[in-house]
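A short worksheet on the structure shown next.
The values are calculated or read from the model by the stated rules, or taken from the named source; none is laboratory data. Predicted, not measured: the structure shown is a model, and the values here were computed from it. Neighbour counts are summed over all protein chains in view; Cβ atoms, including those assigned to glycine, are modelled from backbone coordinates with ideal geometry.
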Amino acid sequence: MFKFLFEKMGAKAVIETQRDTVVRTVDELNAVLALMADKPKVGVDLNTGLLSVELPDQMPDEALALPAPTETKEDAVDEAVEPAAEEVVEEKSAA
């Protein structure tokens, strides 16, 4: 569609046929699926001809990208308040 833009720059536009696009895409999908430890469920809708891939809720590389769990503010407050509350109870019982 924008072949004329690339020709002005001196480079020839590479035109990919539909067959080339499908072959390239299937090869890329197969390469990704081959690397996965847990294989997803792949289906074909015969009415529409569309592929569907059911992936797990969380992928292994997404788990690595998440930040390490941190202590919530509520946990920090609870940890700070409990020892102080125990000290008050001890002081009252000693008096």
message: Given the criterion at pLDDT below 65 and out of contact with any Asp or Glu (no Cβ under 7 Å at 6 or more places or on another chain), identify the matching residue among Ala11, Ala37, Ala31.
response: Ala11
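Filter the range 50-78 for residues that are charged (D, E, K, R) and modelled with pLDDT under 75 and give the result. Outline the logic, then answer.
Just the residues of the range 50-78 that are charged (D, E, K, R), to begin with: 54, 57, 61-62, 71, 73-75, 78.
Passing the criteria: Asp61, Glu62, Glu71, Lys73, Glu74, Asp75, Asp78.
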